[in-house]
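Below is one structure, written out as structure tokens; the observations come after it.
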Amino acid sequence: MAAVREISATLLSRSKPHTSLFRRLFFRRKTSKIFVKGLAFSTTEEKLAEAFSQYGNVLKADIVLNKAKNRSKGFGYVTFAEEEEARKAQIGMNRKILHGRVLYVDIDLPNERKKT
């Protein structure tokens with residue numbers, strides 16, 4: 001509840017730094033997510049985001065974990081602010097080596113377009 005009050009107060013204030021927060025929350029551009037497989041078990045979300053940040057604004061980097069072993073399953077997702085940045089990252093990072101493993105990168109399709 002405190003977080004909601006904080007966001008509300010931030011959005012209602014009229015200073016310029018918070019205008020960008022308002023725009024990011026309510027007027028988001030189409031984001032683009034890429035699928036990355038072949039990650040080393042030692043790769044963290046921070047290291048993954050850092051590796052892909054050379055291609056654009058990384059909004060989020062997620063590594064899928066094996067809950068039983070509490071370690072990486074070897075794949076994850078990176079979300080960029082723009083589709084063009086994601087395409088550049090896919091071309092630039094596909095079959096490159098990161099932390100001793102070869103990465104395979106592909107554009108992640110929305111759920112309605114994925115084939116089951």
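What follows draws every value from the coordinates through simple rules; no lab data is involved. Remember, it's a predicted structure, so these values are computed and weren't measured experimentally. FYI the Cβ positions are ideal-geometry reconstructions off the backbone, even for glycines, and counts take in every protein chain you see.
Annotations
- For residue 72, residues with placed amide H under 5 Å, excluding near neighbours: 66
- Amide proton proximity set for residue 107, modelled H, under 5 Å, gap of 5+: 35
- Residues listed by number, the stretch 68-83, amide nitrogen under 18 Å from residue 35 label point at 7 Å toward C-beta: 73-80
- Packing around the peptides 63-71, 92-100, 42-50, 77-85, taken as the average count of other Cβ atoms within 10 Å per residue, puts them in this order, highest first: 77-85, 42-50, 92-100, 63-71.
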